[in-house]
């Protein structure tokens, strides 16, 4: 699997977990409700949605489930399934909340944890409901039959009926979403970097600037959708899927570069260099794992090097003021550097070592043009000078990526709207002190129940996406552990920071991804232990975040201003001096 | 002048301690009433009982001629939601159990579900009836009183530390349309206009209290005196009819105390009613129209400040020898 494929499935999982964690961001981060049973609503959403796309249960076979509505017209599809799953999860969240929400933090946490375990045991024990302890399979994700995208295939429109050419339509949809997201991010950049010389970057940058001045992300997003539709039109007229893939991919890279370079400008040169040093150091520290012969040397070498790296970092924080001031940004720069090397350089090492320059070039090209899947038997063949023959296609993961990104951004926008409204203000007040809310004529109970309903609905929505992604459900997946993963994600980014949740999901799954890859360098017998050890490492990560970064990486967000006003006053982490320093009102 | 608040034989005990022991007094509309007494006299407990934060053991409080317990009773909408939720839970559990565990058919399961729904709703109605009729249930839902214009501050300031001073104030006003989630999502223009008005009102209040320089500072970072002022501002933002102030000027500097007293008097003249617990005798004597002295959970004496100053029992119990 090419690195691009790994990265794409990574982003899909991050997106689903971000939506799941948004439920907890609302419940815990904004309202202060410690819901240890969040996974219960994830479960409800997953199973309910699947009942809408499963064929009717055949009593003759070995699987048994309570309902399969796939053959029912209008109702039996993913769209209805996801909507109903979200609503049902919300209603159940409300029903669970009504009797439990009066409890204080820890009692509430234990009670809802119990509820989530009941849900899980119900699925496990009641074999008539969803095939009991065995996996529930036999459904396929939406439009899956149309992938990989090939020419001449046709797409049957759900509900409406009739057919349209599959490739241009789906490609246009995917590209429109990806571009809209990319440009919305760009539009959010207040200060697009125009330092980078390449004209395409300059264009992207000025487009972003124009969009930023016009209406922030929204205009940019509309631009992306229009561009996607135009691209679909081009594809309809000419067979140019490789060209389209190159354009989409390069444009997104350009956007990424503009966003990153804007950050580079904010970071001084020496901080940037320190970050590169840190990233390289991390890479070097991991080298014993693939290259050392014995297991003992692998573990000891890596641990020793990591200790040295952390020690060096700690010393730099202690002795250099500029380093201490920008330590999180330096870690960010280091991570960026590490990920770039992992994505672009490491895959080339193998072919280059074997003297296969064309192969290395092909790998680089495949990773650059991430919007297309390369290799394999199925696909459209091209002959490109310098690269040799390429077989390209758009696989299902790319389509799913577009959908999940769209939903994640939608959830983010919904949470921003909520947090910045007077409703969100009451939620924050409830988190701070319920008695004050009571004394001001607002019933905290009503707001806590609403927060539970909305948060649980988001959990259910994520569950439906998860069912779509995994194409099979077992009760084991919905263990209480998932709640704590979501909680960790919420804590990493900053408990009441909506952007932080996405960052948290990315950090957590990067950690999972990295350990999975590293575990493959150990002998098979040890691999299981290494993967099991991840849970310990997760616990340590939890402690480190809570101890060193109680406000999370991105810190507290300022939601005191409505979403449509200027954001120049957005709070920076650590901002604010005690007001009484110059107040003089004391005594 | 009529009494806005009538307290009659109010009692509350915590374990062996009788905090309020048959307090009876009236508060006149449009007046400033001082409530003084030694530590442990039951002043703050009385405040908590009047504002609905505690349930009284016995006795009645009438606000604007209406019983507090009646004011705080759940509305019929709330009863409907609870009854409905109870019915939904019992009904769905019954239906699922009939279908899955007992193996009944779809129609029979739906029937069991319907019976369960009736049972759930009935159970709720039944326990409510028993609770109200036989258990002497007392409601403690202070937010209902604040909506009616009976507002209070806390003795130990309870600022919302994570929120800015201005947000603390903007939270208070009643019936904000943006507190409804549907409006917050879909009618953003109207909500934004309302917010702009609130923003200006909050700024005016901050200027009045001379803490506008910390408007965008997190309330948790403010000094003790600033927090007192914030607490006062928040309750005034409610636009209440009767304000219970628990030690409003403790920790506030003399010049500002003077200004606050002026402000409270101006508000009194505009028709607001105040009841103030305060240990600063100069403030309470200058400000109050009437003073109630409490001791050991009872009203010791009530009268205008000059009278109180001369009263031998008050001097013995509280003021001390001058």
Revision key, fill the gap. Residue B:129: passes all of (1) closer than 30 Å to residue A:423 by Cα; (2) more than 10 Å from every other protein chain (Cβ to nearest Cβ); (3) under 27 Å from the mean Cα position of the chain (by Cα) but (1)
Exercise for review: Give the residue, chosen from B:123, B:145, that is in contact with a helix residue (DSSP H, G or I) (Cβ under 9 Å, 6 or more places away or on another chain), part of a helix (DSSP H, G or I), at pLDDT 90 or above and surrounded by fewer than 22 Cβ atoms within 10 Å (Cβ to Cβ).
Suggested key: B:123
Review point. Given B:78, B:67, B:128, which one is in contact with a strand residue (DSSP E or B) (Cβ under 9 Å, 6 or more places away or on another chain) and at pLDDT below 90?
Key: B:67
Review point. Does residue B:220 fit the bill of being more than 8 Å from chain A (Cβ to nearest Cβ), within 26 Å of residue A:555 (Cα to Cα), out of contact with any strand residue (DSSP E or B) (no Cβ under 7 Å at 6 or more places or on another chain) and outside any strand (DSSP E or B)?
Key: yes
Check your understanding: If residue A:455 passes every condition in (1) crowded, with 22+ Cβ neighbours inside 10 Å; (2) touching a helix residue (DSSP H, G or I) at 6+ places or on another chain (Cβ under 7 Å); (3) over 30 Å from residue A:168 (Cα atoms); (4) at pLDDT below 95 but one, which one does it miss?
Key -> (4)
Practice item. Given the conditions (1) touching a helix residue (DSSP H, G or I) at 6+ places or on another chain (Cβ under 8 Å); (2) assigned to a helix (DSSP H, G or I); (3) under 25 Å from residue B:246 (Cα atoms); (4) more than 9 Å from chain A (Cβ to nearest Cβ), report the number of the one that residue B:157 does not fulfil. Key: (2)
Exercise for review: Sort out which residues of segment A:72-97 are surrounded by fewer than 19 Cβ atoms within 10 Å (Cβ to Cβ) and either at pLDDT 95 or above or assigned to a helix (DSSP H, G or I) (or both), and write them in order of number.
Suggested key: A:79, A:80, A:83, A:87, A:91
Point to revise | Test result for residue B:59, buried (at least 16 other Cβ atoms within 10 Å of the Cβ), within 18 Å of residue B:142 (Cβ to Cβ) and free of Cβ contacts under 8 Å to residues at least 60 places away in the same chain | key: yes
Practice item. Check off (1) more than 22 Å from residue B:283 (Cα to Cα); (2) in a helix (DSSP H, G or I) for residue B:239 and give me the number that stays unchecked. Key: (2)
Point to revise | Qualifying residue in segment A:130-144 (condition: without any contact (Cβ under 8 Å) to a residue 60 or more places away in the chain, in contact with a helix residue (DSSP H, G or I) (Cβ under 6 Å, 6 or more places away or on another chain), under 29 Å from residue B:84 (Cβ atoms) and not assigned by TED's automatic domain parsing to the domain that holds residue A:171) | key: no
**Study point:** Test for residue A:109: is it within 21 Å of residue A:458 (Cβ to Cβ), more than 14 Å from chain B (Cβ to nearest Cβ), assigned to a helix (DSSP H, G or I) and at pLDDT below 75
**Key:** no
Point to revise | Selection status of residue B:206, more than 9 Å from chain A (Cβ to nearest Cβ) and surrounded by fewer than 23 Cβ atoms within 10 Å (Cβ to Cβ) | key: yes
Study note, to complete from the structure: Of (1) within 13 Å of another protein chain (Cβ to nearest Cβ); (2) at negative phi; (3) part of a loop (DSSP other than H, G, I, E, B), residue A:34 satisfies every one except (1)
Point to revise | Top-ranked residue in segment A:274-315 [being exposed (fewer than 14 other Cβ atoms within 10 Å of the Cβ) and in a loop (DSSP other than H, G, I, E, B); ranked as modelled with the lowest pLDDT] | key: A:293
Review point. Residue B:179 fails exactly one of the following numbered conditions: (1) without any contact (Cβ under 8 Å) to a residue 60 or more places away in the chain; (2) surrounded by fewer than 24 Cβ atoms within 10 Å (Cβ to Cβ); (3) within 7 Å of chain A (Cβ to nearest Cβ); (4) over 16 Å from residue B:199 (Cβ atoms). What is the number of that condition?
Key: (4)
Review point. Of B:14, B:47, which residue is within 14 Å of chain A (Cβ to nearest Cβ), on the phi < 0 side of the Ramachandran plot and modelled with pLDDT of 90 or more?
Key: B:47
Point to revise | Single match in B:95, B:40, B:103, B:83 (criterion: buried (at least 22 other Cβ atoms within 10 Å of the Cβ) and more than 20 Å from the chain's Cα centre (by Cα)) | key: B:95
Check your understanding: Of all the residues that make up segment B:160-172, how many are more than 17 Å from the chain's Cα centre (by Cα) and either at the interface with chain A (Cβ under 8 Å from one of its Cβ atoms) or not in a helix (DSSP H, G or I) (or both)?
Key -> 7
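The values are calculated or read from the model by the stated rules, or taken from the named source; none is laboratory data. Predicted model only: the values in this text are computed from it and were never measured. FYI the Cβ positions are ideal-geometry reconstructions off the backbone, even for glycines, and counts take in every protein chain you see.
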